[in-house]
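Note sheet for the following structure.
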Amino acid sequence: MEMRAREDTCMSHDLTPPIPPYAVSLHDRFLCSHCSSCFRALPSHAPQQCFDLKSRSNSAPPFSCPTCFASVRYCSSACFASDRPLHVSSHECFLLHQSHSGTCPADDDTADLRVALRLLYSLEMRGLLPSESTDLPNRIGGLLVSDLQKVLEEGGEVAEKIREGGMRMSCARNSGGLHGAVMVEEVVLWAVITNAVEVQVSKGPALGVAVYGPWFSWFNHSCSPNACYRFELDNWCEESTSCESSSFRVSPASTDEASIAWQGWYHEEGGLARALEFCKYGPRIVVRSIKPINKGEEVCVTYTDLLQPMAIRRVDLWPKYRFSCCCERCSASPQLYVDYILSCDARNLNTKNNNSATAEYDELADLLHEAIAEYSSEDNPKSCCYKLESLLLSQSSRGNNSMENTLSGRKFLLHPLHHLSLSAYVALASAYRSLYIIGLYEEQNGEALKMGRAAAAYSLLLAAATHYLSLFESSLIAPTSHFWLSAGETILNLVQSSISGKAKEKYESKFRSVSHFQCAKIERLSRDEFMSNSMQFIECISTILSRCWPFLVRSFSYLEKIEDPINFTWLGGAILRPLCSLGSKGTTAFGKSKCFAWEYQSGRRIEEEMNCLYQLAIYSLRYGRYLATICYGPQSYLIDKLTI
């Protein structure tokens with residue numbers, strides 16, 4: 001199945017209206033803090049503690065489910081009335097009771113099982129589940145469920161999850177219809193695993209999971225996608241939301257199989273009218289173009305991390321989606337530049353060969369992932385920083401430390417654009433940010449400033465590296481927007497915590513004065529205009545970085561090796577320098593080409609550095625906002641990064 005464009009479309013256009021979900025569920029950690037119907041945060045005055053199942057001593061919030069002891073909560077009477085019947089009838093209450101009673105692992109998130117129960121009940125009530133006498137279907141409610149029998153026969157982690165999850169769902173429902181050796185609960189859970197998406201509506205972890213019908217689930221994957229998607233939490237009303245097929249810029253492909261399946265779902269099963277009945281207040285999803293799209297061209301999104309090389313992307317996709325990607329990027333021969341750079345040994349940057357020893361690479365990858373996993377589970381940022389920076393250094397370390405001994409003789413060498421380096425930068429930026437906050441809390445201002453400098457430097461390096469790669473694979477502008485916004489926010493926090501009194505008031509006044517500046521227009525944006533704007537950003541940010549980069553990286557051995565975090569030509573001959581017209585001199589996409597809108601102040605060096613960093617933060621935020629507006633639209637939660 002595939003979706004194709006109905007008309008020529010520029011980049012940064014919504015291709016669908018807000019699409020209602022079939023079923024949604026919050027992750028367990030958010031059940032006590034967010035509405036289970038609309039996903040909005042509960043009022044701050046509402047009691048946030050979860051109900052104690054054993055003592056039953058806590059008073060339940062006014063809008064909550066008494067059956068499962070207030071595990072599920074709502075923000076209003078409308079959400080309560082809309083969602084609770086589904087919550088109870090789907091037996092979600094019983095599943096939560098299992099979790100709270102200690103019969104399941106304490107750290108086991110039940111969101112997938114609960115959304116599967118909700119989906120199963122909705123499909124059952126609308127007569128969309130096949131009878132037990134029929135063969136196992138390829139689709140239910142328009143959702144692909146093929147290959148389930150093969151998955152279960154092959155075994156593995158996914159098969160175990162389906163078997164165990166199906167049993168828990170069956171126990172909660174006190175039933176279990178069979179299709180041969182497969183329970184109907186397993187079929188629906190497989191539909192959730194292959195079709196659900198994480199709902200991201202704010203900074204931080206995803207709030208929950210959602211399953212959408214064919215208007216979204218039929219968008220195929222590509223490692224070079226021309227679209228991405230966002231979520232909206234606006235309450236549904238008939239007057240303001242249109243989901244008629246005429247409001248879509250896409251339609252299913254005209255192959256016989258697609259036409260038959262689409263007509264069966266849209267007409268026989270009720271299509272969008274049925275979808276609106278499934279979930280009235282849940283988060284809507286909107287698909288948006290990130291590249292110019294021609295009429296009739298297939299529109300694709302991505303199902304995986306695009307900053308990984310092809311082999312890892314395929315390994316990631318197979319267990320859940322059962323296909324080996326053969327998109328234009330994956331099937332290119334020779335491999336595209338971006339995939340070569342993401343995986344090659346640093347010593348191969350000057351050659352066209354990537355003949356690195358697999359064993360040494362695997363060992364290095366295992367060490368890096370182990371350090372990141374240890375940080376995630378044990379929350380030891382200092383240890384994480386030491387281990388990861390040891391791995392990143394291009395030469396062997398000295399000494400008797402076990403990590404240093406492990407690194408000695410290492411044959412695979414990383415470079416700043418390698419995918420393992422990018423993963424390390426993400427963890428290092430987070431770890432140093434934690435150390436920075438700890439330093440501030442303990443009033444160790446000198447140490448906090450040092451940790452803050454490292455957090456800012458790794459955030460910038462990550463943003464600049466992905467920005468560079470996006471110039472060769474434009475679909476990478478989506479993660480790049482997140483990284484520039486994160487870098488700008490990290491630098492701004494460093495500046496604001498390093499100044500006080502009148503100086504702080506001055507900077508906050510400057511921030512407010514530019515917070516409403518608009519970046520270059522995005523309406524009817526062509527690829528050439530976007531590339532020109534990107535090059536203008538590089539010119540501007542490079543001017544600022546040339547002054548403050550040495551200050552940020554001082555006393556950090558690995559960071560001091562990064563000669564220039566924007567122009568990576570110092571790495572070697574295989575690194576290309578993108579060429580693009582910068583347009584007329586004197587103006588950029590971000591205002592006047594003179595980056596220093598405020599001159600250095602007389603006085604101590606630290607104030608000069610803060611002045612420089614402040615400007616760097618503003619331009620990082622403005623560019624990140626520009627990219628986020630292209631990818632997600634002005635309605636995205638990311639767009640408020642330039643407001644106080």
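Read the figures in this text as sums done on the coordinates, not as results from a lab. All figures in this text were calculated on a predicted structure; none of them were measured in a lab. So basically every Cβ, Gly included, is an ideal-geometry build from the backbone, and we count neighbours across all protein chains shown.
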**Fill in**
Which residues qualify? For residue 227, with a placed amide H closer than 5 Å and at least 5 residues away or on another chain, they are 290, 300
**Message:** Suppose R0 equals 45 Å. What FRET efficiency, 1/(1 + (r/R0)^6) with r the Cβ-Cβ distance, do residue 157 and residue 472 give to the nearest 0.05?
**Reply:** 0.85
**Fill in**
Placing each pseudo-label 7 Å from Cα in the direction of the beta carbon, residue 109 and residue 167 end up separated by a distance in nanometres of 2.3
**Amide H partners (placed H, <5 Å) of residue 413, local residues excluded** = 346, 347
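Can you compute the FRET efficiency between residue 365 and residue 531 using 1/(1 + (r/R0)^6), with r the Cβ-Cβ distance and R0 = 30 Å? Round to the nearest 0.05. Before the final figure, lay out each step's value.
Details: r = 33 Å, r/R0 = 1.10.
After rounding, the FRET efficiency stands at 0.35.
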**Message:** Using the basic label-point model (7 angstrom from Cα toward the beta carbon), what is the residue 324 to residue 561 distance in nanometres?
**Reply:** 3.5
**Asked** Which residues' amide hydrogens lie under 5 Å from the amide hydrogen of residue 139, considering only partners 5 or more residues apart or on another chain, with H built in the peptide plane?
**Response** 145
